């Protein structure tokens, strides 16, 4: 690490690392879905959506979190963030 | 009518028994009538932390099985006449007591005491079920480490499933020097992850080890940990107490040139 880097570079501190890892592991603990299953769901979503539109597979993000339902209790909800690159118009013909 | 508070954590070794001893003693210092119940059957420890190990005649299982009356099994504390301990049995296991029996016992003690503090064993099996069965509220103890926080999250989920009326978090053994250097999660980090109310932050303190060696809880003394425990007790009885300022003040030059 150079002299100036010491002043300007922000290294990833272990506390942040702990926090990030915990958030991920608790997501699967809370929903009961292991990361492999989440990965399968993600790949299936990519497959289905790709039939109709071209999507940014790298930027696709899915997660499950507990959201308040209409009754006020927490229920697990799946969120998918799927950036679309281009709509495949000629496919419909 | 007394309140039953269970002290739990999931993971072992994060300070459940120390917290039970200090919160119980602190509440007694605040002139409340308190009984501590050790529900860790087979791994009895609250008696030695309280310094009452030589006075045990009967235990929790004796009371449950009707070998003695409740009053006979309660050990009066050395320092506070309004503080009692119901010790666990050392030669039995968790199956000697059922959740229904614990609930009945708690209900009986509620008439006699202001606070019934239950020291829960580690784990999520029957010992946990027994400890939470009669509880009105829970104190979840964690340290700022990934394993302890993960287990605390699991326990919080189980307490929700038990429809616990109130669950509060104690972040124990915080080291402000490590938080300042970015190598330990802060209490804010832990609260953000677990998303429950914070009732206390206890700094890591050598005094705790000395106090345990002597069998005398340090709550209420001048140490940071002693103050932190007393503040938890005051919050339990409903006082609004600001959190201690544990931040380490670093000078300008130390910030620039200090080694990590």
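None of the figures in this text is laboratory data; all of them are computed from the coordinates on show. Predicted model only: the values in this text are computed from it and were never measured. Glycine also receives a Cβ, built like all others from the backbone with ideal geometry; neighbour counts cover every protein chain displayed.
A few comments on the model shown:
- Gyration tensor (alpha-carbon) shape descriptor, region B:111-180, a/c threshold 1.5: prolate
- Diffusion coefficient of the protein assembly as shown by Stokes-Einstein, Kirkwood radius over Cα pairs, 10 °C, 1.306 mPa s: 69 µm²/s.
- The equivalent ellipsoid of chain B has semi-axes of 32, 20, 16 Å, largest first, where each one is the square root of 5 times an eigenvalue of the Cα gyration tensor.
- When each of B:155, A:64 is scored by the number of other beta-carbon atoms lying within 10 Å, the sequence from fewest to most is A:64, B:155.
- Rounded if a/c under 1.5, otherwise prolate or oblate - region B:14-140, Cα gyration tensor axes: rounded
- If you run the Gaussian network model on chain B, springs between alpha carbon atoms under 10 Å, then out of B:243, B:128, B:113 the most flexible one is B:243.
- Computed [θ] at 222 nm, deg cm²/dmol, chain B (DSSP H ≥ 4; -39,500 (n - 2.57); rounded to nearest 500): -11500 deg cm²/dmol
- Relative contact order computed over region B:46-87 (Cα-Cα under 8 Å; 6+ residues apart), in percent: 39 percent
- Legend: ranking of residues B:233, B:120, B:68 from fewest to most surrounding C-beta atoms inside 10 Å; resulting order B:68, B:233, B:120.
- Computed over chain B, relative contact order equals 24 percent, with contacts defined as Cα pairs under 8 Å that lie 6+ residues apart.
- Helix B:16-29 axis versus longest C-alpha principal axis of chain B: approximately 80°, rounded to the nearest ten.
- Against the main long axis of the alpha-carbon atoms of chain B, helix B:224-236 sits at an angle near 60°.
- The Cα atoms of region B:123-260 give a gyration tensor whose axes a ≥ b ≥ c have a/c of 1.5 or more with a/b greater than b/c, which makes the shape prolate.
- In degrees, nearest ten, helix B:146-161 long axis to first principal axis of chain B (Cα): 50 degrees
- Top of B:139, B:36, B:246 by mean-square fluctuation, Gaussian network on chain B, Cα under 10 Å: B:246
- Look at the stretch A:16-22: the mean tally of other chain Cβ atoms within 10 Å of its residues' Cβ atoms is 6.
- Going from the fewest other Cβ atoms within 10 Å to the most, the residues A:62, B:193 appear in the order A:62, B:193.
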